[in-house]
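Worksheet: one structure, shown below.
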Amino acid sequence: MRVLVTGGAGFIGSSLVDRLLAEGHDVVALDDLSTGTLDNLSDARARRRFSFVRGDITDGGLPDVVTAAAPDVVFHLAARTGPRASIRDPVEDARRNVLGTVNLLEAARASGARKVVFASSGGAIYGNAARQPVSERVGADPLSPYGAAKISGEIYLGMYRKLYGVRTATLALGNVYGPRQEPDDDTGVVATFCAAMARREPTTIFGDGTNARDFVFVDDVVDAFVRAAEKPCDGRRFNVGSGVATSVRQLHALVAELACRADEPRFADGRLGELHGVALDVSSARHGLGWEPFTPLREGVSRTLAWVSRSAGG
Ligand code: NAD
């Protein structure tokens, strides 16, 4: 199959590219390299069945790029990622994450692509839902422009499905972590703790550390994307997480233990748009995609630490 991966130079996108190439697919990655890097694609670029296009999903020339790629399936991951960046600049968030998605859907439709698989956010769309773990049946209640943009993308996907018959699937991802994730205080708390501990630098927890996340390893997420392309998904949203809420304080203790460092974080004030906690009910993905999370948190954090040490040359 021929596939287009938008955001293909990013953390999750590049891991998906590697998996698709390993399975023998022809892959085009499109990325504006705003946060993604060509380093993430160094293995892919050595492969014959791979090509990279530097481009912006909001660009008027996108339909030509997608038509030239002639994909059977489009994996749409390009985005400005994370709630806090979107709170700082909601207009830029909407430009990339709403207009970019509409532009991409229009280009995919015009190219005759069979299916679009969209990366939404289980952390951002449900808000602080009263019942945990959160199932897909819970109404959206985003606490950030980023969450609102993801819901909007899902609505556009549903509309394209009805209007034009484009097949679609949405994966609402938990807090994804693993090799290639950049340390940042928005979505990358695992990478941030791992990088700081590898460099023997202090770590900071925002709030009292009881805020919880559903941490899910990148390989598990990539597996869900591949399955979503293959299975008849009927335009549905599938939660993709571990199903378990882990507090940031518990995560810190685990990273410290595995990195053989002191478990002594600093604490700073909590931040706007921060969720109290979310765990995703993944039973729909289990039944609809035949998917299960398969990497335990301890193993995933160990692999992330090993990657951070290797990339720091340590
Ligand atoms: P990332 O920042 O590593 O990847 C996003 C990629 O999109 C980057 O390579 C960036 O350069 C590219 N990009 C951004 N704007 C673009 C534009 N206008 N045109 C072309 N390319 C553009 O982030 P990630 O963590 O790999 O996230 C991938 C997807 O998964 C995103 O849609 C994100 O919202 C979603 N997601 C991620 C998480 C997580 O925990 N990392 C959780 C939920 C959802």
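For the stretch 126-154, filtered to residues that are among the hydrophobic types (A, V, I, L, M, F, W, C) and closer than 21 Å to Ala285 by Cβ, the residue that is surrounded by the fewest Cβ atoms within 10 Å (Cβ to Cβ) is Val138.
Output the residues belonging to the stretch 203-212 that are assigned to a loop (DSSP other than H, G, I, E, B) and small (Gly, Ala, Ser). Selection gives Gly207, Gly209.
Taking first residues from the stretch 35-57 that are in contact (Cβ under 8 Å) with a residue 60 or more places away in the chain and partners that are assigned to a helix (DSSP H, G or I) and not polar (S, T, N, Q), no Cβ contact under 7 Å between residues at least 6 apart in sequence or on separate chains turns up. Inside the stretch 163-190, residues that are over 26 Å from Val138 (Cβ atoms) and crowded, with 24+ Cβ neighbours inside 10 Å make up a count of 2. Find the residue count for the stretch 302-314, including only residues that are modelled with pLDDT under 95 and either of a type in the set (A, V, I, L, M) or not in a helix (DSSP H, G or I) (or both). Qualifying residue count for the region: 4.
Taking the stretch 176-193, which residues are within 14 Å of the ligand (Cβ to nearest atom) and either assigned to a helix (DSSP H, G or I) or farther than 14 Å from Thr304 by Cα (or both)? Quick ask: steps written out before the conclusion?
Step one: filter the stretch 176-193 for residues within 14 Å of the ligand (Cβ to nearest atom), giving 176-192.
Selection gives Asp184, Asp185, Asp186, Thr187, Val189, Val190, Ala191, Thr192.
Remark: pairs (first residue in the stretch 117-142, more than 28 Å from Asp72 (Cβ to Cβ) and more than 14 Å from the ligand (Cβ to nearest atom); second residue part of a strand (DSSP E or B) and at pLDDT 95 or above; Cβ separation under 7 Å; 6+ apart in sequence or on different chains) = Pro133/Leu280.
Yes/no per residue for (1) at pLDDT below 95; (2) surrounded by 15 or more Cβ atoms within 10 Å (Cβ to Cβ); (3) not hydrophobic (A, V, I, L, M, F, W, C):
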residue: His25; (1), (2), (3): no, yes, yes
residue: Phe52; (1), (2), (3): no, yes, no
residue: Asp89; (1), (2), (3): no, no, yes
residue: Arg96; (1), (2), (3): no, yes, yes
residue: Ala110; (1), (2), (3): no, no, no
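Of the residues Arg84, Arg80, the single one that is farther than 24 Å from Gly235 by Cβ, touching a Ser or Thr at 6+ places or on another chain (Cβ under 8 Å) and more than 10 Å from the ligand (Cβ to nearest atom) is Arg84. Scanning the stretch 194-202 for any residue that is within 14 Å of the ligand (Cβ to nearest atom), in a helix (DSSP H, G or I) and surrounded by 20 or more Cβ atoms within 10 Å (Cβ to Cβ) turns up nothing.
Here Glu299 does not qualify as surrounded by 14 or more Cβ atoms within 10 Å (Cβ to Cβ), over 16 Å from Leu173 (Cα atoms) and either at pLDDT below 95 or of a type in the set (D, E, K, R) (or both). All conditions but one from (1) in contact with a helix residue (DSSP H, G or I) (Cβ under 8 Å, 6 or more places away or on another chain); (2) modelled with pLDDT of 95 or more; (3) over 19 Å from Arg303 (Cβ atoms) apply to Glu230; the one that does not is (1).
Restricting attention to the stretch 255-288, which residues are part of a loop (DSSP other than H, G, I, E, B) and more than 14 Å from Gly122 (Cα to Cα)? Selection gives Cys260, Arg261, Ala262, Asp263, Glu264, Pro265, Asp269, Gly270, Arg271, Leu272, Gly273.
Residues satisfying the criterion are absent from the stretch 124-147 (criterion: modelled with pLDDT under 95, among the charged types (D, E, K, R) and under 30 Å from Ala306 (Cα atoms)).
Contact map, the stretch 188-201: first residue among the β-branched types (Val, Ile, Thr), second residue surrounded by fewer than 24 Cβ atoms within 10 Å (Cβ to Cβ) and modelled with pLDDT under 95, Cβ cut-off under 8 Å, separation 6 or more or different chains; pairs are Thr192/Pro183; Thr192/Asp184; Thr192/Asp185.
If I filter the stretch 2-17 for residues that are more than 24 Å from Ser311 (Cα to Cα), modelled with pLDDT of 95 or more, of a type in the set (A, V, I, L, M) and out of contact with any Pro (no Cβ under 8 Å at 6 or more places or on another chain), do I get at least one hit? Yes, that holds for at least one residue. When the stretch 146-183 is examined, which residues are found to be in contact with an Asp or Glu (Cβ under 8 Å, 6 or more places away or on another chain) and under 27 Å from Glu299 (Cβ atoms)? Ala172, Gly174, Asn175, Gly178, listed by residue number.
The values are calculated or read from the model by the stated rules, or taken from the named source; none is laboratory data. On a predicted model such as this, the values are computed, not experimentally measured, just so you know. Cβ sites come from the backbone with ideal geometry, for glycine too, and all protein chains shown count toward neighbours.
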